[in-house]
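The values are calculated or read from the model by the stated rules, or taken from the named source; none is laboratory data. This one's a predicted model, so the numbers in the text were calculated from it and none came from an experiment. Here Cβ is always computed from backbone atoms with ideal geometry, including for glycine, and neighbour counts include all displayed protein chains.
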Protein chains: 2
Amino acid sequence: MNVRSETVDILVDGQRIEGTLTASPATDGPGVLFVHGWGANRDHYIEEAGALAGIGCVCLTFNLRGHAETEALHETVTREDNMRDVMAAYDALARIRGCGRAFIGVVGSSYGAYLGALLIYMRPLRFLALHAPALYMDHDWELPKRKLHVNPDFAAYRRLALRAEENRALGACAQFLGDALVVESEHDEVIPHPAVANYISALANAHSLTYRMIAGADHSLSRPQWESEYTQLLVNWMSEITKERACADTPS
Amino acid sequence: MNVRSETVDILVDGQRIEGTLTASPATDGPGVLFVHGWGANRDHYIEEAGALAGIGCVCLTFNLRGHAETEALHETVTREDNMRDVMAAYDALARIRGCGRAFIGVVGSSYGAYLGALLIYMRPLRFLALHAPALYMDHDWELPKRKLHVNPDFAAYRRLALRAEENRALGACAQFLGDALVVESEHDEVIPHPAVANYISALANAHSLTYRMIAGADHSLSRPQWESEYTQLLVNWMSEITKERACADTPS
């Protein structure tokens with residue numbers, strides 16, 4: 001499939017953040033919004049977006065405020081700001097010609113997975129792929145994101161077994177009725193297993209749930225083989241859920 | 001693959017229950033113990049056992065006491081009795097030449113899925129596939145199984161959101177570290193979704209978790225297309241987990 005990339009400007013709160021649209025010109029496939037983790041940027045997903053575009057998806061990567069061209073905001077940007085970025089990017093994706101508007105979902109990592117889960121409350125999502133999903137306490141929503149880690153209970157919070165009603169991101173997952181993928185890095189030095197387990201438990205009402213572990217991998221999938229394995233998981237999963245939906249949409 | 005079936009006698013508490021071994025004579029593949037639901041019998045799994053034997057598994061189906069040749073015990077058999085049947089059948093499977101003893105798991109439906117989950121406490125299981133898993137209250141363990149449904153709270157219990165520590169089958173699932181498959185029938189008239197959701201949530205520590213729904217299906221998968229879809233899910237899942245294990249077992 002002939003895949004092309006182009007830069008897209010996304011406006012949010014009077015600021016401009018950059019996105020990259022990767023798709024085949026001929027497609028009207030699923031729209032995939034990639035939400036990167038804290039400290040990364042849209043380039044993190046070049047391989048994944050290319051691979052999903054190769055099977056017909058319309059892929060949008062973008063830079064959360066506080067990163068890349070808005071790096072100056074790194075110390076002050078809040079979850080509220082970044083949530084607005086994610087909504088603006090979603091809306092930009094939904095407006096793109098050729099994007100299957102009725103079939104849009106999120107692929108997110110770490111902080112981006114957390115924001116992607118919260119997007120369930122705000123926008124219709126048909127699918128949701130979370131890699132190494134981060135968890136944050138609900139309170140101090142408008143505190144700069146960088147300050148959240150200062151809380152002395154922060155690390156312990158990620159080791160708690162939480163019910164869906166105890167955290168807004170988990171509560172969103174419990175409402176999710178689409179197809180869900182959760183991927184854990186076996187040797188994740190940032191997100192401990194209990195945090196991932198909370199997401200898995202909360203997703204018990206999803207239409208389907210696929211949980212896989214990448215053996216030996218670290219948090220950022222720093223080795224090419226780990227990223228390739230993640231990309232392959234995404235491609236296999238997307239192929240399965242789009243095939244099933246295509247069958248379900250056929251009158252019988 | 002050349003697949004054959006033969007009858008196996010399983011002794012438990014001085015009684016004889018019948019099993020059927022389905023496998024290729026040349027295999028040393030995964031051992032699969034099929035545990036049927038209440039009111040069914042080993043013949044329920046002819047298609048599934050044949051299909052898994054076709055990809056190299058050593059499959060054992062058997063009749064729980066209270067069914068088939070021990071139908072006379074239908075009104076008096078207890079969960080304790082049937083749990084002992086499952087353990088005896090597991091041990092029979094583990095003794096069979098050609099069975100990959102280090103790689104044994106359970107495929108169970110409804111009451112059989114409940115018993116299969118409890119087997120986690122008793123025997124090493126590498127994989128666990130639950131279709132329409134039933135839930136029962138922990139107490140009255142030695143009451144005849146048929147009497148459990150008389151409890152006026154029985155139906156409501158299956159609609160509760162339960163934590164793993166509140167039910168012994170869910171508690172077993174929370175300990176499970178192997179590969180798990182949960183399959184729900186979309187229009188299950190016996191097992192409501194909250195019961196299935198409890199199992200999904202409890203399995204958050206599994207090495208992998210795959211949850212799928214069979215569209216339109218009833219509890220017993222009474223139409224051939226629904227059973228075929230279930231068989232295909234089992235075959236795909238088993239192929240994936242055995243392939244991954246084979247890679248993991250290869251020195252790198």
remark   = Of the residues in segment B:16-59, those that are polar (S, T, N, Q) and surrounded by 21 or more Cβ atoms within 10 Å (Cβ to Cβ) number 1
task = Return only the number of the condition from (1) touching a residue at least 60 places away in the same chain (Cβ under 8 Å); (2) under 23 Å from B:Leu64 (Cα atoms) that B:Asp179 does not satisfy.
result = (2)
task = Scan segment B:43-52 for residues that are within 22 Å of B:Glu71 (Cβ to Cβ) and without any contact (Cβ under 8 Å) to a residue 60 or more places away in the chain and report the count.
result = 3
task = Test each condition in (1) farther than 30 Å from B:Lys243 by Cα; (2) within 14 Å of chain A (Cβ to nearest Cβ); (3) among the basic types (Lys, Arg); (4) touching a Leu at 6+ places or on another chain (Cβ under 7 Å) for B:Arg163 and report the one that comes out false.
result = (4)
ask   = Would you say A:Ile191 is within 27 Å of B:Glu240 (Cβ to Cβ) and either at pLDDT 95 or above or within 13 Å of chain B (Cβ to nearest Cβ) (or both)?
value = yes
ask   = Taking the condition more than 27 Å from A:Ile214 (Cα to Cα) and either within 14 Å of another protein chain (Cβ to nearest Cβ) or at pLDDT 95 or above (or both), does A:Tyr111 pass?
value = no
ask   = Which of the residues spanning segment A:195-247 are within 14 Å of another protein chain (Cβ to nearest Cβ) and assigned to a loop (DSSP other than H, G, I, E, B)?
value = A:Leu203, A:Ala204, A:Asn205, A:Ala206, A:His207, A:Ala215, A:Gly216, A:Ala217, A:Arg223
ask   = Which is in contact with a helix residue (DSSP H, G or I) (Cβ under 6 Å, 6 or more places away or on another chain) and either closer than 22 Å to A:Tyr230 by Cα or among the aromatic types (Phe, Trp, Tyr) (or both), of A:Leu21, A:Leu33, A:Leu118?
value = A:Leu33
key: segment B:21-42, residues that are assigned to a strand (DSSP E or B) and touching a residue at least 60 places away in the same chain (Cβ under 8 Å)   = B:Leu21, B:Ala23, B:Pro30, B:Gly31, B:Val32, B:Leu33, B:Phe34, B:Val35
message = Kindly evaluate B:Thr61 against the criterion of being in a loop (DSSP other than H, G, I, E, B) and of a type in the set (Val, Ile, Thr).
response = no
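Against the definition (touching a residue at least 40 places away in the same chain (Cβ under 8 Å), closer than 28 Å to A:Arg79 by Cα and surrounded by fewer than 21 Cβ atoms within 10 Å (Cβ to Cβ)), how does A:Asp9 come out, yes or no? Show your work before the answer.
On the way: touching a residue at least 40 places away in the same chain (Cβ under 8 Å): no; closer than 28 Å to A:Arg79 by Cα: yes; surrounded by fewer than 21 Cβ atoms within 10 Å (Cβ to Cβ): yes.
No.
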ask   = Name the residues in segment B:64-81 that are of a type in the set (D, E, K, R), in a loop (DSSP other than H, G, I, E, B) and buried (at least 17 other Cβ atoms within 10 Å of the Cβ), would you?
value = B:Arg65
ask   = So A:Ala174 clears everything in (1) closer than 26 Å to A:Arg84 by Cα; (2) within 12 Å of chain B (Cβ to nearest Cβ); (3) without any contact (Cβ under 8 Å) to a residue 12 or more places away in the chain except one condition, right? Which one?
value = (3)
message = Restricting to segment B:194-206, give me the number of residues that are under 12 Å from B:His131 (Cβ atoms) and either modelled with pLDDT under 95 or of a type in the set (S, T, N, Q) (or both).
response = 0
task = Output the residues belonging to segment A:158-194 that are in a helix (DSSP H, G or I), surrounded by fewer than 24 Cβ atoms within 10 Å (Cβ to Cβ) and small (Gly, Ala, Ser).
result = A:Ala164, A:Gly171, A:Ala172, A:Ala174
